[in-house]
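K.L.:
Pasting a structure below so you can have a look.
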Amino acid sequence: MYPLIYAHRGASGHAPENTMAAFRLALEEGAEGLELDVQLTADRQVVVIHDETLDRTTDGTGPVYSRTWEELRGLDASFGQEAYMGEGIPLLAQVLELLAPTQLELNIELKNGIVPYEGMEELVVRMVRQYGMEKRIVLSSFNHYSVARLAAMAPDIESAVLYAEGLYRPWEYAAFVGARSLHPHYLAVTPEIVMNAHMAGVKVRPWTVNSDEDYRRMAAAGVDAVITNYPCKFKALRG
Ligand code: G3P
Ligand code: MG
């Protein structure tokens, strides 16, 4: 079994990260899943943006939580790339709308590790249910209190423990938190971890796998999916 290919922040190796253009490109390139990051605005809209602040990825400044959706909707998120002028910050609802008629899986990463975003889990779960996408969604976070809350409040929706390194017996930890999958940094993946995870019924989807060599190592370890900026490259490699 080859790993599924999830587009990290969309096809962000070629299009500006976390924009509708990057998600559409991932679809065109044949990705089987998307990964994206969500934050909350001052008026509690779920928006797709990686950082807690607007400065790196848009022409705005300051924290996302300090601005309303009305203030964010006109911002430019094209990174100054001519071909993507006019691309802005999407609402999570826009991406769910795009994916609803497809078969794609969607990993929604809740960025509530730094800003705690009270009640974010409920908002995201409600939207997933509105679109009837419970079976195709994976909810993940580096904030494992949040993962535990998600697992308890929506056991029918898969949740994943995100981590970077050194988690001891992560397949047991996933069960302890209530999560059904592990999303480790790819350097933290070993065949032993994948084998134990699979024996415990836990899926493994490493990030961010961008080189051919790392893809081959992950595939050999037997991971369920790779999260990559270059879905097109690995589609070609996988055949
Ligand atoms: O969800 C996998 C990966 O996106 C985690 O790191 O910083 O790219 O959101 P980051
Ligand atoms: Mg992410």
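K.L.:
What is the magnitude of the charge dipole of the chain about its Cα centre, with +1 placed on the Cβ of each Lys and Arg, -1 on the Cβ of each Asp and Glu, and no other charges, expressed in debye to the nearest 20?
P.N.:
Computed charge dipole of the chain: roughly 640 debye.
K.L.:
Between residue 67 and residues 5 or more places away or on another chain, which pairs have amide H atoms under 5 Å apart, with H built 1.01 Å from N, and which residues are they?
P.N.:
It is 42, by chain and number.
K.L.:
Ranked by Cβ crowding within 10 angstrom, fewest neighbours first, how are 84, 230 ordered?
P.N.:
84, 230
K.L.:
By how many degrees, between 0 and 90 and to the nearest 10, does the Cα long axis of helix 120-130 differ from the longest principal axis of the chain?
P.N.:
Its long axis makes an angle of about 90 degrees.
K.L.:
Related question: Run the Debye formula on the Cα coordinates of the chain, all scatterers equal and no solvent, and tell me log10 I(q)/I(0) at q = 0.13 1/Å.
P.N.:
Listed by q, the Debye log ratios stand at -0.75.
K.L.:
Shifting gears a bit: Quick one: 131, 145, fewest Cβ neighbours within 10 Å first, how do they rank?
P.N.:
145, 131
K.L.:
When the dipole is taken about the Cα centre of segment 118-239, and only Lys, Arg (+1) and Asp, Glu (-1) are charged at their Cβ, what size is it in debye, to the nearest 20?
P.N.:
Using Cβ point charges on Lys, Arg, Asp and Glu, segment 118-239 gives about 400 debye.
K.L.:
Continuing with this model, one more query. Tally Lys and Arg at +1 and Asp and Glu at -1 over the other residues with C-beta under 9 Å from the C-beta of residue 231: what net charge comes out?
P.N.:
0
K.L.:
Okay, next question. Quick one: which residues, 5 or more positions from residue 208 or on another chain, have an amide H under 5 Å from its amide H? H modelled 1.01 Å from N in the peptide plane, none for Pro or chain starts.
P.N.:
186
K.L.:
Using a Gaussian network model of the chain with C-alpha springs under 10 Å, which one of 22, 42, 221 is most mobile by mean-square fluctuation?
P.N.:
In the Gaussian network model the winner is 42.
K.L.:
Output ³J(HN,Hα) for segment 87-94: one whole-Hz value per residue in order, computed from phi by the Karplus curve 6.51 cos²θ - 1.76 cosθ + 1.60 with θ = phi - 60°, and x for Gly and Pro.
P.N.:
Each residue's phi maps through the Karplus curve to give 6, x, 7, x, 7, 4, 4, 5 Hz.
K.L.:
How far is helix 144-153 tilted off the main Cα axis of the chain, in degrees rounded to 10, range 0 to 90?
P.N.:
Tilt relative to the chain: about 90 degrees.
K.L.:
May I pose another question? How large is ³J(HN,Hα), in whole Hz, for each residue of segment 182-197 in order, when computed from phi with the Karplus curve 6.51 cos²θ - 1.76 cosθ + 1.60 and θ = phi - 60°, using x for Gly and Pro?
P.N.:
Each residue's phi maps through the Karplus curve to give 10, 10, x, 4, 5, 6, 8, 8, 10, x, 5, 5, 5, 4, 5, 4 Hz.
K.L.:
Using only C-alpha positions, report the orientation-averaged shadow area of the convex hull of segment 9-125, nm², one decimal.
P.N.:
6.9
K.L.:
In what order do 121, 17, 213 fall by count of nearby beta-carbon atoms within 10 Å, going from fewest to most?
P.N.:
213, 17, 121
K.L.:
What are the ³J(HN,Hα) values, in whole Hz, obtained from phi via the Karplus relation 6.51 cos²θ - 1.76 cosθ + 1.60 with θ = phi - 60°, for each residue of segment 4-16 in sequence order, with x given for Gly and Pro?
P.N.:
5, 10, 9, 8, 6, 6, x, 7, 7, x, 10, 10, x
K.L.:
Return the Cα extents of segment 113-239 along principal axes one, two and three, sorted largest first, each rounded to a whole Å.
P.N.:
40, 32, 28
K.L.:
While we're looking at this one, here's another question. Add +1 for every Lys or Arg and -1 for every Asp or Glu among the other residues with Cβ under 15 Å from the Cβ of residue 210, and state the total.
P.N.:
Around residue 210, the charge tally is +1.
K.L.:
Using amide H atoms built in the peptide plane, which far-off residues or other-chain residues are under 5 Å from residue 60 H to H?
P.N.:
Here the answer is 76, since their amide H atoms fall under 5 Å of that of residue 60.
K.L.:
May I pose another question? Using DSSP, restrict attention to beta bridges with both residues in the chain and report what percent are antiparallel, rounded to the nearest 5.
P.N.:
Expressed as a percentage, antiparallel bridges in the chain total about 15.
Every number in this text was worked out from the coordinates using simple rules, so none of it is lab data. This is a predicted model, so every value here is computed, not measured. No Cβ is skipped: glycine too gets one built from the backbone with ideal geometry, and neighbour counts run over all protein chains shown.
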